[in-house]
Amino acid sequence: MTWLLRRVAQLVVVVLVVTFFAAILTSLLPGDPVKTIAPFATPQDRARISEELGLDKNVISRYVDWAGNFFTGDMGTTYAGAGLQGDSISARVRESLPTSLTIVFYVQFLTLLIALPLGVFSAYRQGSLFDRGGNGMAFALVALPTFVLAALLKFWLGLKLDWFPTQGYTKIGDGIGNHFKSVAMPVMTLMVGQIAIYSRLLRSDMISTLQEDYILMAKAKGIPSRRILWRHALRPSSLTLLTVAGLNIGALVSGALIVERIFKIDGIGGLIYTAVGQRQYIAIQSYVAVIAILYVVINFLVDMLYSVLDPRIRNV
Amino acid sequence: MSEVAPMTEASPEPTQEEEEATKRGLGIAAWLAIGWLGCMVFLAVSASFLPLDDPINGSIRETPGVSYFTEGHIFGNDLLGRDTLARVVVGTSTSLSIAALSIGFGTLIGGFVGLVAGYVGGRIGTALSAMFDILLAFPPLLLALTLVSVLSPVTETDPPSRIKRMLVVALAVGLVSIPILARITRANALSWSQREFVMAAKSQGAKPFRIMLREVLPNVVPAMLSVALLGLASVIIVEGGLALFGLSINPPDPSWGNMVASQVDDLGETPHVWIVPSVFIFLSVMSLNLLGDVVRDKFAVREAAI
Amino acid sequence: MAGSGTAHLRDANEVLLRVENLLVEFPVGRSGLKVNAVTNISLDVKPGETLGLVGESGCGKSTTGKAIMQLPKPTGGSVMFEGRDIAKLQGEELRAIRTRLQMIFQDPISSLNPRRKVEDIIAEGLNIWKIGTPEQREAKVNELMEAIGFDPAVQRGKRPHQFSGGQCQRISIARAVATDPKLIICDEPVSALDVSVQAQILNLLEDMKARYGLTLIFIAHDLAVVKNISDRVVVMYLGKICEVGGPDELYANPRHPYTAALLSAIPVPDPSVKPSERMTLGGEIPSPVTPPSGCRFRTRCPRAEALCAEQEPQIHQVGADHFVACHFPLEAGETLTASSESFTV
Amino acid sequence: MLEVKDVRTSFKTDRGLVKAVDGVSFTLERGETLGVVGESGCGKSVLSKTIMGLLPSNASRSGSIKFEGQEIGGPSIKHMRDFWGTQMSMVFQDPMTALNPVMKVGKQITESLRHHLDVSREFANETALQLLSSVGIPEPERRLKQYAFEMSGGMRQRVMIAIALACGPKMLFADEPTTALDVTVQAQILDLLEAQQAERFMAMILVTHDLGVVAGRADNIMVMYAGQSIEMAPTRTLFSQMRHPYTEALLKSIPKLNQASHTRLDAIGGRPPDLVNPPVGCRFAPRCPYAQAKCHQEAPPLMVHDTPGHEYACWFPVGTPQGAEALAKNQGSIGTAVGGQ
């Protein structure tokens, strides 16, 4: 229980540090933000905008104000202009986040579904044609940057073959078929590299596990290979994979940023990008906070899963 | 002293031939990778001396948008009549310079911080590694995007020069790579620092700096080198990502990423314009990844042979 | 024991090293508990003597050796070496003592940097302290390499992975001797080696000791090895001293029940000794985080009584240069008998 | 029961073919213990894995292995699976690495019971409990639910023995079962193995580097050097009339408890040969104080000489006139032999 409390405390600290870091970074954005927001405002207007944005205060008190709001569920509004009511940031997040999360979920789910058996089997048949072929292919696929792969898919499957729509996102409520069609290429793009990484990672851990004495011991007990692979070897081999999967969230968000840009999908990536361009301080901070929370929560879950998979961790 | 048995036994040390065999044993793939990267470096260095068309300004005498293997344009040209070959070669020098600068910067800082964190350990080590972890929580592309726009805003009326912009991109990406390199170096330094030879050096009276430099660092270098090679590959990729958001070097200056990005909303029009740089990116990234693996494997074998 | 006390220490003027009430504790994670690795150990070494430290894993023998080296510094106690308490020294002063006090490690491969040449490894101490001119250092390395049976011309440029475990241990010995130390702590130097190589290294240590006038603290778990090389033996159990004495007397007439049990548990290469007739100790070593009260050996001791749980025995003399920390020591010549079952923890 | 004839095992490595076991033969009856002794790299551990058929994929074996008259030296893993656990099983050197770290101990015991004997879960649990108490583990109910890392070294080794014994094998391989343990615990484990062997009337192969471990416990001893069996005899015969110079040297190089302190040890000079290119002739010749020119040219065969059941491979055996003469010759003319004088 103290362990759980400690993890939650850790979670809060990380979110605070990350968002504070974001606050400092955004305040470093050069150029007068007021000028960017309202290029033709009078000096009086500017002063008012400054005040409304809290720009007359220092970074720290601005951060404290923001954090107070954020943790009570109010992410604030975007700044639309002097005296105008901006859009609710929370509403934007509610609109965009599910789209990004849906894509990321599909990617992770399908990746594991494919990568697990692939990794296990190529470790078992180490050095076989299947293994070496898989190795070579994984190598090539990892070297294919997301944006190149996305462009290729869009060009080939979208423009040439016209199988999938080249842009936009259809919600699952607006037709399942269209939904899947709209996410097919983004998901494929992000999946390919992940499958390659995950299956190779699992393969190499599996290979070293298979050389352990306890695998020999299981063999000496007369346990069939299939059972040795899945019941004895997989669990201790999957720990690195799990860690990497947790750490991968950052990379996935980066990937989502690119995929959303190329396939013109309104996700959280697009929101952040627009916010950076428009110097929407509060919005940037809130988006970063959302991502940080996601990252920390997912890593928290990964840690829980870790301790389920490896009893040695539980007692430490 | 006559009791000491003479060391006559056949020692398992590699002979001259065997050592050469390990060098030869790189494999065809690795040599191809070295060859490709050699070509790239050559192109990058000699870009301004080669007899190429103007990569920035198209000529009105050309037919715009011709495809591969048109006379005078082996890779065709774009809708502004600019030769793709010329642009991709100049792009090579941009992309590789950014990659080399940022990883050089990242390795230097990240390596140093990681080495100290790994060797000194304790609270300092824990604090430093917690910091890396937090930095890693940021999506790298997002961080790079933010840093570039911080360091060199696009909104200024007169755009920064190509060189300045390149330095900014390299610095931003280098900053992003620091936590990754530091983390790997720290992990390696930590495990080597627990070896008994480090304690032996301490018991000889060596100062911490000497131990870090002479005992720990040489053992960590192969891992750092391997990560740096992989890092070069990922910088090439990140540059492309930045370009997609208009935050790599400013068009019309070419980089590999810029060339792909400029066409991304119009893939069908002149596909060769984005496919050619894509192939360059792909082959370079694959070569770097391969060499990174080779370095790591060689290192692992040496370790295992002990 | 196993207990505390200083009855076995000799006149401070005769000894090179005198350790009193050495205490080493490690924290266990963040739990606030601590490992009582070594608790109030006292020992001394005369110049030219080899002191054997013997016991099973977890008895604190290696920790004692490292604490004497101040790697890391002990939690408490004093380590008098050449008239100064080196446990109180810091920074430069401590560093300066390093040339006089050296260590040989257990794992011959882990203790040599794989990326350095043999000559650099051996010369490390000389180079750090800039002892002599470069030519003199070179000559010293040559001399040391010959002393350990290497051909300097052929082997000086090689790296550790080109040598076998035994050869690596020779290099370690040369490195330790290079700065003309007074005392060398040998931490299980032969445990990782095959028996035939082990004999070579033991012989080499004896030779080097004679040639360079060394004093040794020899740490090992193998009683026969310790007997072979030592002038005085200290038996340890769970961070405490059980028994101290000259090897021949101590092995012939063990007074502490643990020493006796340990001796009887050793497999003897003699088929006429039937293992079933020997006394086997039950149970296993308790956790050093929560050691038993009183005598730490009492949970496995066939002679334990109520007193043993209440009071920690003090080291007292039982013979000429023979000391024991036990409330109910064996008589000279008495054999320990007990069934092991009744004492299983 | 077990008949091993001219077994050879080699591994493909980057440096070439390593001949880890090179022509070993012996027989073993039910209820007997064979002690296999040698230094690291002599092939003693590979030998038991070869007989068990548990070699890695880069190994190849030849020769004949008959278990109760049935040839099991073939390449088929499938039919070995029925042998493993029920006919022969193995106790490994390091209980920490040989027990699955993420599987409860109880599960590791019941697993083979359920698989081989097709018994119910309850019955398997019941049997596991009995097994644990029979190997001397207190509170077996609690231990069943524990993981290996929660136990001490001795407990782990007891668990491993319980696993090995679970399906009532007729033969047990104990591969350095006590090397990772302390002396006092080593004695307990060796006693346990001996008791279980007698109770179940199993054949046992006890592999060790320590002559002391097998001296009081094995019926026969085989000494291995560089992949070959160089001397084999009933235990008492071996110790009373050892014939091979290596056996003698091995025994002499161990410090003894009954020797006075500072007794100079007779070290064997040099180190074991490279198994990729073993020396021509007797493999021990380069380190042997008795070696003559003949030893460097012609390998001595392993055969019975004087006492029945006592085989050795040497041209100039210890304790024979030839041996004495050879030794005298070497000590007179310095230089032909290398190493421990």
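Considering only residues that are more than 8 Å from every other protein chain (Cβ to nearest Cβ) and open to solvent by 10 Å² or more (accessible area, probe 1.4 Å), look in region C:210-221 and name the one that is farthest from C:Tyr251 (Cα to Cα).
Top of the filtered list is C:Tyr212.
Are there any helices (runs of 4 or more DSSP H) wholly within region D:161-248 with 2 or more residues that are crowded, with 23+ Cβ neighbours inside 10 Å and touching a Lys or Arg at 6+ places or on another chain (Cβ under 9 Å), and if so which? Talk me through it step by step, then tell me what you get.
Working: elements: D:183-200, D:211-215, D:235-240.
Per the criteria, D:183-200.
Exactly one of these conditions fails for D:Asn258: (1) facing chain C (nearest Cβ under 10 Å); (2) crowded, with 24+ Cβ neighbours inside 10 Å; (3) outside any strand (DSSP E or B). Give me its number.
Going through the list (1) facing chain C (nearest Cβ under 10 Å); (2) crowded, with 24+ Cβ neighbours inside 10 Å; (3) outside any strand (DSSP E or B), D:Asn258 breaks only (2).
Condition check ((1) closer than 27 Å to C:Val235 by Cα; (2) hydroxyl-bearing (Ser, Thr, Tyr); (3) open to solvent by less than 20 Å² (accessible area, probe 1.4 Å)) across all residues:
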residue: C:Thr75; (1), (2), (3): yes, yes, no
residue: C:Ile86; (1), (2), (3): yes, no, yes
residue: C:Gly91; (1), (2), (3): no, no, no
residue: C:Arg100; (1), (2), (3): yes, no, no
residue: C:Ser111; (1), (2), (3): yes, yes, yes
residue: C:Thr133; (1), (2), (3): no, yes, no
residue: C:Val141; (1), (2), (3): no, no, yes
residue: C:Val154; (1), (2), (3): no, no, no
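Report yes if B:Ser193 is open to solvent by less than 40 Å² (accessible area, probe 1.4 Å) and of a type in the set (S, T, N, Q), otherwise no.
yes
Select, from A:Ser199, A:Ser238, the only residue that is modelled with pLDDT under 90 and either in the same structural domain as A:Val142 (by TED's automatic domain parsing) or of a type outside the set (Val, Ile, Thr) (or both).
That would be A:Ser238, the only listed residue that is modelled with pLDDT under 90 and either in the same structural domain as A:Val142 (by TED's automatic domain parsing) or of a type outside the set (Val, Ile, Thr) (or both).
Within the set of pairs 6+ apart or on separate chains, which have a first residue in region A:196-211 that is aromatic (Phe, Trp, Tyr), a second that is open to solvent by less than 10 Å² (accessible area, probe 1.4 Å) and part of a helix (DSSP H, G or I), and C-beta atoms under 8 Å apart?
What qualifies is A:Tyr198/A:Thr111; A:Tyr198/A:Ala115; A:Tyr198/A:Gly119.
Counting only residues that are more than 30 Å from A:Leu241 (Cβ to Cβ) and exposed (fewer than 14 other Cβ atoms within 10 Å of the Cβ), which one in region A:168-209 is nearest to the other protein chains (Cβ to nearest Cβ)?
Of everything passing the filter in region A:168-209, A:Gly168 is nearest to the other protein chains (Cβ to nearest Cβ).
Would you mind telling me which numbered condition in (1) more than 8 Å from every other protein chain (Cβ to nearest Cβ); (2) in contact (Cβ under 8 Å) with a residue 40 or more places away in the chain; (3) farther than 16 Å from C:Ile201 by Cβ C:Cys168 fails?
Just one mismatch for C:Cys168, condition (3).
Hey, can you tell me all the residues within region D:208-222 that are in contact with a Phe, Trp or Tyr (Cβ under 7 Å, 6 or more places away or on another chain) and more than 9 Å from chain C (Cβ to nearest Cβ)? Explain how you work it out, then say what you get.
Step one: filter region D:208-222 for residues in contact with a Phe, Trp or Tyr (Cβ under 7 Å, 6 or more places away or on another chain), giving D:215, D:222.
D:Met222, the sole residue that qualifies.
Go through region C:97-127 residue by residue and tally those that are facing chain B (nearest Cβ under 7 Å) and under 30 Å from C:Asp85 (Cβ atoms).
Adding up the residues that qualify gives 8.
Can you find, within region D:261-299, the residue that is farthest from D:Leu17 (Cα to Cα) among those that are crowded, with 21+ Cβ neighbours inside 10 Å and of a type in the set (Lys, Arg)?
Step by step, filter region D:261-299, then rank; the result is D:Arg287.
Determine whether region B:205-223 contains at least one residue that is farther than 25 Å from B:Gly110 by Cα and either at pLDDT 85 or above or surrounded by 20 or more Cβ atoms within 10 Å (Cβ to Cβ) (or both).
So far as region B:205-223 goes, yes, one or more of its residues are farther than 25 Å from B:Gly110 by Cα and either at pLDDT 85 or above or surrounded by 20 or more Cβ atoms within 10 Å (Cβ to Cβ) (or both).
Does D:Met151 qualify as being in contact (Cβ under 8 Å) with a residue 60 or more places away in the chain, farther than 19 Å from C:Ser272 by Cα and in contact with a Lys or Arg (Cβ under 8 Å, 6 or more places away or on another chain)? Lay out the reasoning, then the answer.
On the way: in contact (Cβ under 8 Å) with a residue 60 or more places away in the chain: no; farther than 19 Å from C:Ser272 by Cα: yes; in contact with a Lys or Arg (Cβ under 8 Å, 6 or more places away or on another chain): yes.
Against the criterion (in contact (Cβ under 8 Å) with a residue 60 or more places away in the chain, farther than 19 Å from C:Ser272 by Cα and in contact with a Lys or Arg (Cβ under 8 Å, 6 or more places away or on another chain)), D:Met151 does not qualify.
Among the numbered criteria (1) over 23 Å from the mean Cα position of the chain (by Cα); (2) polar (S, T, N, Q); (3) under 23 Å from C:Gly60 (Cα atoms), which single criterion is violated by C:Ser111?
For C:Ser111, the failing item is (1).
Output the number of residues of region D:56-86 satisfying the condition of being more than 9 Å from chain A (Cβ to nearest Cβ) and open to solvent by 30 Å² or more (accessible area, probe 1.4 Å).
Residues meeting the conditions: 15.
The values are calculated or read from the model by the stated rules, or taken from the named source; none is laboratory data. Remember, it's a predicted structure, so these values are computed and weren't measured experimentally. We place every Cβ from the backbone using ideal geometry, glycine too, and count neighbours over all the protein chains shown. We work out accessible area using only protein heavy atoms, side chains counted, and drop any ligands, DNA or RNA first. Shrake-Rupley method; radii C 1.70, N 1.55, O 1.52, S 1.80 Å.
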